[in-house]
Amino acid sequence: MKHRFSFNLLILALAVLHPSGLQAAHVIADGPDKVTPLAAGVAAPGGVVLGADGPFDLGKLLAHKPTILVFYSSSGSRLGHRALSDLRDGFPIYDSLGFQVLAISADAPENLRAAVEKNRINYPLLSDQDLALASSYGIAFRAPKELVSSSAKQGISLPVIPGGDGAAGLLVPTVFVIDRNGIIRWVYSNPHRNPTRTQIVAAAVRAMK
């Protein structure tokens, strides 16, 4: 059963590595189930994002080597913590296969260092606080007003987005595997669970070798 499961994961990865169509999304969706992530075969957008030590040119980072680009929920959330742990544990595998790992959230840049230390992170954490990059990858969505209100009461500020007074957004956790030419080759986006399980991502990466 274990071998069959691994084989099925490899087939899934191989299927997604070959695009059946191209799509682009540069808007903020109305909900998590309505996002349209960039598809395999599309050039990965670049842009300047902030790290704990200052700005990073994502385009230059992507040109450096093949990349596992992960958009994750806030490091303070259960899903975010799980994603960071998955990536930390899988990093030796990805590194041995020649891939770098970049993880992006809407967390403020000043909070990234604490997340690195708390989760013993061995890869860069980057901030997309206004969801501009998440929007260009097609995975940002407008937060419901009731969630914005309840978060504010708890002292939690969601990312501010265009669209009216008090409009705020979130992102859908997503993994993009990008080749050395900056082309997306595999995508796994899931609004309901972490897409960062090592077994799944490693199968996709190995399928590119």
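Quick look at the values:
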{"item": "Test: residue in region 33-48 that is free of Cβ contacts under 8 Å to residues at least 60 places away in the same chain, touching a Pro at 6+ places or on another chain (Cβ under 9 Å) and hydrophobic (A, V, I, L, M, F, W, C)", "result": "yes"}
{"item": "Residues of region 101-137 satisfying the condition of being of a type in the set (Gly, Ala, Ser) and either in contact (Cβ under 8 Å) with a residue 40 or more places away in the chain or surrounded by fewer than 17 Cβ atoms within 10 Å (Cβ to Cβ) (or both)", "result": "Ser105, Ala106, Ala108, Ala114, Ala115, Ser127, Ala132, Ala134, Ser135, Ser136"}
{"item": "In region 71-100, residue surrounded by the most Cβ atoms within 10 Å (Cβ to Cβ) [restricted to those that are in contact with a strand residue (DSSP E or B) (Cβ under 8 Å, 6 or more places away or on another chain) and hydroxyl-bearing (Ser, Thr, Tyr)]", "result": "Tyr72"}
{"item": "Those residues of region 78-93 which are closer than 12 Å to Ser105 by Cβ and out of contact with any helix residue (DSSP H, G or I) (no Cβ under 9 Å at 6 or more places or on another chain), in sequence order", "result": "Leu79, Ala83"}
{"item": "Segments classed as strands (runs of 3 or more DSSP E), wholly inside region 165-209, with at least 1 members that are in contact with a Ser or Thr (Cβ under 7 Å, 6 or more places away or on another chain)", "result": "174-178, 184-189"}
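Since every read-out is calculated from the coordinates, none of them should be taken as a lab result. None of the values given here were measured: they were computed from a predicted structure. Reconstructed Cβ throughout: ideal geometry from the backbone, glycine too, with neighbour counts over all protein chains shown.
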